[in-house]
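Just below is one structure, and these are the notes that go with it.
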Amino acid sequence: MAAHNPQLGPDGELRHLLSIEGLPRATLMQILDTARSFVSVTEREIKKVPLLRGKSVFNLFFESSTRTRTTFEIAAKRLSADVVNLNIATSSQSKGETLLDTVANLSAMHADMFVVRHASSGAPHLIARHVGPEIHVINAGDGRHAHPTQGLLDVYTIRHYKTDFTDLTVAIVGDLLHSRVARSEIHALTTLGVPEVRVVGPRTLMPPDIEKLGVRVFHDMREGLRGVDVVMMLRLQNERMSGALLPSSQEYFRSYGLTPARLALAKPDAIVMHPGPMNRGVEIDSAVADGPQSVILPQVTFGIAVRMAVMAILAGNG
Amino acid sequence: MAAHNPQLGPDGELRHLLSIEGLPRATLMQILDTARSFVSVTEREIKKVPLLRGKSVFNLFFESSTRTRTTFEIAAKRLSADVVNLNIATSSQSKGETLLDTVANLSAMHADMFVVRHASSGAPHLIARHVGPEIHVINAGDGRHAHPTQGLLDVYTIRHYKTDFTDLTVAIVGDLLHSRVARSEIHALTTLGVPEVRVVGPRTLMPPDIEKLGVRVFHDMREGLRGVDVVMMLRLQNERMSGALLPSSQEYFRSYGLTPARLALAKPDAIVMHPGPMNRGVEIDSAVADGPQSVILPQVTFGIAVRMAVMAILAGNG
Amino acid sequence: MAAHNPQLGPDGELRHLLSIEGLPRATLMQILDTARSFVSVTEREIKKVPLLRGKSVFNLFFESSTRTRTTFEIAAKRLSADVVNLNIATSSQSKGETLLDTVANLSAMHADMFVVRHASSGAPHLIARHVGPEIHVINAGDGRHAHPTQGLLDVYTIRHYKTDFTDLTVAIVGDLLHSRVARSEIHALTTLGVPEVRVVGPRTLMPPDIEKLGVRVFHDMREGLRGVDVVMMLRLQNERMSGALLPSSQEYFRSYGLTPARLALAKPDAIVMHPGPMNRGVEIDSAVADGPQSVILPQVTFGIAVRMAVMAILAGNG
């Protein structure tokens with residue numbers, strides 16, 4: 001089985017992080033456990049460990065995302081790696097060089113790790129198939145396909161507040177159709193044993209055969225939130241807000257915005273998550289975003305630790 | 001008093017550097033004395049000290065300024081900090097995220113320091129009011145309001161060449177109206193005991209009630225320079241050079257450009273300063289800019305030491 | 001002699017790397033020998049040496065080149081330098097500051113090294129003439145003039161595979177007219193004793209008096225390649241591909257593209273080089289680029305070591 005999974009080496013060790021699909025439960029747990037130790041590192045006076053000293057991490061951003069790039073950059077620097085940022089959209093690609101030639105070139109500079117962001121689904125997989133055994137690829141978001149470190153930080157956050165995955169009900173709310181986060185999250189949650197994952201959103205923003213992922217589909221926000229332990233909001237991208245799929249952002253908020261009244265339908269100790277950046281007043285009310293049940297900022301903190309964990313594990317499996 | 005000043009902590013220690021207004025003389029002297037020790041560090045073979053090792057400094061530039069960003073980046077790196085540059089103009093802000101959400105996110109990554117450049121006056125103050133006690137904010141220029149490290153490096157430079165502030169006459173020449181540097185300089189000079197600060201410039205580039213800051217106003221360049229110890233030129237921004245406020249850059253030079261003949265009216269050992277970048281032939285003649293009385297390049301050198309000092313003091317007051 | 005060469009100090013030591021012209025054979029050999037030791041550094045677990053610890057390297061890119069900037073950035077970081085990237089095209093220059101004022105300012109920040117990329121031939125020389133004795137300038141490409149580290153990595157690569165320069169025939173193929181690489185290569189090869197350097201390309205892309213550099217000129221690709229030990233392809237820049245000088249890129253490939261059939265005319269153990277980025281199907285066939293005689297990726301690897309060597313030698317000659 002491992003032989004067919006490009007993320008895993010012959011002994012089942014993590015070679016690349018491309019998507020949460022196909023990662024065994026043991027690997028997920030290894031990442032979450034390792035991340036826990038890095039949370040304490042980032043709370044120290046000197047937030048730095050020498051695990052990646054002398055390693056070269058290239059942030060290959062074929063589409064711009066300052067926020068995501070920053071999280072990987074700070075994670076790599078806290079591991080003492082040398083980090084080089086490449087905004088490829090504006091460089092060699094425009095000189096006619098192919099993606100694989102660009103990657104081959106950077107590999108020849110003795111790169112150790114590529115953090116890849118690309119508008120096309122599958123680009124990180126393509127790169128991973130063509131690099132040598134000493135180079136590791138991390139998918140930092142590819143098209144609508146996957147954004148695995150986001151999924152991992154989400155399950156880390158849930159474990160931090162809820163401890164046991166096996167008695168939870170989790171609702172993922174919003175634009176499931178265009179989200180690269182949602183698929184990662186669903187795979188992580190089901191792999192870790194969450195018995196009920198719900199997806200909540202309008203028909204126009206729901207992939208047709210999403211039930212196959214093992215989730216329950218709700219189109220009514222109130223029904224979907226009733227009794228849940230975790231509410232995971234998705235970001236509504238600006239370009240969806242008015243057009244063929246949605247009447248307007250105000251209309252969306254009226255039906256699917258997370259308000260205190262709606263949140264009251266969830267369990268009293270339910271937590272509220274959001275991958276950011278938030279559209280306040282579109283998918284989430286400020287009273288909820290800044291309220292006592294929100295764990296949106298801890299997600300960011302855990303996100304650094306999770307990225308450090310992934311990098312440290314990959315570097316150890318060279 | 002300290003309680004009302006957002007820059008100072010309960011014991012009067014420096015928490016943020018937002019503007020020179022409201023900084024006690026003792027704090028200014030602490031910064032200048034600390035900077036002196038860093039001048040010697042930057043002259044060493046290995047220009048690096050471990051004071052900020054493991055700290056994360058974020059350069060948050062909401063408007064582009066390569067020169068200013070570079071000075072803070074090199075200062076932070078010589079203190080061994082991890083530095084992340086964020087050009088926010090082109091990132092999350094355009095995705096609809098608020099300034100405070102952007103800052104809250106970066107804070108959750110366990111940032112230690114934000115160096116903030118923003119086109120809007122007061123943006124660094126707003127950020128400072130919303131960050132936790134472990135995070136320090138440095139204003140790297142906000143609108144027309146303040147640019148305190150420039151003011152500090154200017155007084156450092158004056159002290160280096162003139163030793164005693166209390167018998168000096170200082171002339172600040174040029175576009176006082178749009179300068180974010182001039183206000184910082186005036187506050188620093190008067191706080192440090194300079195008995196006579198003059199401002200020299202055309203009526204159209206002079207704020208209406210500038211006398212309230214304790215300065216003498218001159219519209220005639222020759223009168224303004226007579227007998228001064230220090231000439232601080234201001235940069236004339238390109239967009240002012242032809243328009244409602246000024247007839248042309250040539251005309252401006254004829255009236256307010258610093259020529260050798262005009263400089264001869266100052267004391268023979270007067271020093272000439274400029275915050276850069278210079279418009280040669282507009283506000284200053286090359287013969288003066290490159291002449292023996294110019295201390296324009298030492299200002300840059302001292303600027304790195306002053307920024308290191310501010311960061312080191314803030315990091316020690318965590 | 002050394003007195004007239006701005007690259008060499010009074011004792012003949014390397015002060016700047018501006019072009020390969022005028023570098024004595026001994027200096028070239030010093031760089032190649034030093035680079036050899038850095039090839040082994042980049043193959044280590046921890047690819048880092050402390051030779052430039054505490055030094056400040058500024059990448060001054062007056063024209064954008066992500067690839068070249070990356071090679072210098074990674075080389076400097078592996079030497080433990082602090083690296084600051086400045087894209088000057090979009091900064092102070094547009095505020096009316098002169099090139100020399102920009103450089104004087106950065107020098108005043110106690111820069112140790114400037115890596116300069118500029119569209120104008122001679123810009124790095126101009127900078128080198130105006131910096132203090134403690135600052136070193138490396139030309140990273142100036143107009144059509146020179147790109148000396150590319151020339152150096154090319155001869156390093158040749159020495160790696162061919163050992164002895166003095167019995168080689170080398171063909172440089174393509175757009176000699178606009179190449180800043182070709183001149184550097186020709187100077188390096190002749191200085192190191194290569195007895196026959198050929199240049200191969202269409203008349204429209206051949207400088208009129210190129211024979212004066214000591215090369216043999218060929219306009220027929222098959223004639224030019226016959227019996228050579230080394231084929232150095234040049235990149236055809238997009239803007240040349242259709243216009244006054246060339247009918248089309250397809251036409252160019254038909255006459256001067258390196259195909260397996262043409263390469264078969266060279267010696268059986270001939271190596272194929274290309275400075276990148278490649279235009280597959282324009283100047284080179286993929287079967288050759290990816291074939292057993294291609295050393296294009298090793299060139300990249302050696303390029304990092306050569307840049308580390310240049311920086312280390314310059315830093316030692318402070």
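Just so it is clear, none of the values below were taken in a lab; they were calculated from the coordinates. A quick note: this is a predicted structure, and the numbers were derived from the prediction, not measured. Backbone-built Cβ (ideal geometry, glycine too); neighbour counts: all protein chains shown.
General remarks:
- Copies compared at residue A:133 - label distances in nm, ascending, label defined 7 Å from Cα in the Cβ direction: 5.4, 5.4
- GNM result for chain A, Cα springs below 10 Å: residue of A:290, A:112, A:229 fluctuating most strongly: A:290
- Helix A:99-108 and the long axis of chain A differ in direction by around 50°, with both axes built from C-alpha atoms.
- Shielding by partners - mean other protein chain Cβ count within 10 Å, residues of A:279-290: 1
- Projected label distance in nm at residue B:100 and residue B:203, using a 7 Å step from Cα toward the beta-carbon: 4.4 nm
- For the pair residue A:223 and residue B:121, a Förster radius of 45 Å applied to the C-beta separation gives a FRET efficiency near 0.40, rounded to the nearest 0.05.
- Shape class of region B:94-208 from the Cα gyration tensor (axes a ≥ b ≥ c, square roots of the eigenvalues): oblate, since a/c reaches 1.5 or more and a/b does not exceed b/c.
- Shielding score for C:65-73, defined as the mean number of other chain Cβ atoms within 10 Å: 5
- Its DSSP H runs of at least 4 residues, each contributing -39,500 (n - 2.57), put the calculated 222 nm mean residue ellipticity of the protein assembly as shown at -11000 deg cm²/dmol, to the nearest 500.
- Taking a ≥ b ≥ c as the square roots of the eigenvalues of the Cα gyration tensor, an a/c ratio below 1.5 marks region C:210-307 as rounded.
- Sparsely packed chymotrypsin sites (Phe, Trp or Tyr not before Pro) within region B:29-131, loop by DSSP, other Cβ within 10 Å at most 16: none
- Max-minus-min Cα coordinates of chain C on each principal axis give 55, 42, 41 Å, with the largest extent listed first.
- Computed from backbone phi with θ = phi - 60° and the Karplus coefficients 6.51, -1.76 and 1.60, the 3J(HN,Hα) list for region C:35-48 is 4, 4, 5, 7, 4, 6, 4, 6, 9, 6, 4, 9, 7, 8 Hz; x is used for glycine and proline.
- Across the identical copies, the 7 Å label point of residue B:292, projected outward along Cα→Cβ, sits 7.4, 7.4 nm from its counterparts, in ascending order.
- Using θ = phi - 60° in the Karplus curve 6.51 cos²θ - 1.76 cosθ + 1.60, the 3J(HN,Hα) couplings for region C:284-300 round to 8, 7, 4, 4, 7, 4, 9, x, x, 8, 6, 10, 5, 6, x, 4, 5 Hz; x is entered for Gly and Pro.
- The H on the amide N of residue B:138, modeled in the peptide plane, is under 5 Å from the matching H of B:17, B:114, B:115, B:116, each at least 5 residues off or on a different chain.
- Axis-proximal residue, chain B, for the rotation superposing B on C (Cβ, Å): B:85, 5
- Most mobile of C:224, C:201, C:193 in a GNM of chain C (Cα contacts under 10 Å): C:193
- Computed from the C-beta positions of residue C:239 and residue B:25, the FRET efficiency with R₀ = 60 Å rounds to 0.50.
- Between copies, the label points of residue C:53, set 7 Å from Cα on the Cα→Cβ line, lie 0.9, 0.9 nm apart, reported in increasing order to one decimal in nanometres.
- Within the same chain, lysines fewer than 8 places from residue C:267 are excluded, and of the rest, those with a Cα less than 17 Å from its Cα are C:162.
- Partner shielding of B:100-111 amounts to 6, given as the average count of beta-carbon atoms from other chains within 10 Å of each residue beta-carbon.
- For chain A, the longest principal axis of the Cα atoms and the long axis of helix A:66-78 meet at an angle of about 50 degrees.
- For region C:150-162, Karplus couplings with θ = phi - 60° (6.51, -1.76, 1.60), whole Hz, Gly/Pro x: 5, x, 5, 5, 5, 6, 4, 4, 4, 4, 4, 8, 10
- log₁₀ of I(q)/I(0) at q = 0.10 Å⁻¹ - region C:145-275, Debye sum with one point per alpha carbon: -0.28
- As a rough guide to protection, the peptides B:47-53, A:40-46 ranked by mean Cβ packing within 10 Å, highest first, stand as B:47-53, A:40-46.
- Förster radius 45 Å - calculated FRET efficiency between residue B:45 and residue B:254 (Cβ-Cβ, nearest 0.05): 0.40
- Prolate/oblate/rounded call for the protein assembly as shown, Cα gyration tensor, a/c under 1.5 rounded: oblate
- Set of lysines with alpha-carbon distance to residue C:55 below 16 Å, sequence-local pairs under 8 removed: B:47, B:48, B:77, C:77
- Averaging Cα coordinates gives a centre for region A:241-288 and one for region B:140-171; these two points are 50 Å apart.
- Choice from C:183, C:216, C:198 with maximal GNM fluctuation in chain C (Cα, 10 Å cutoff): C:216
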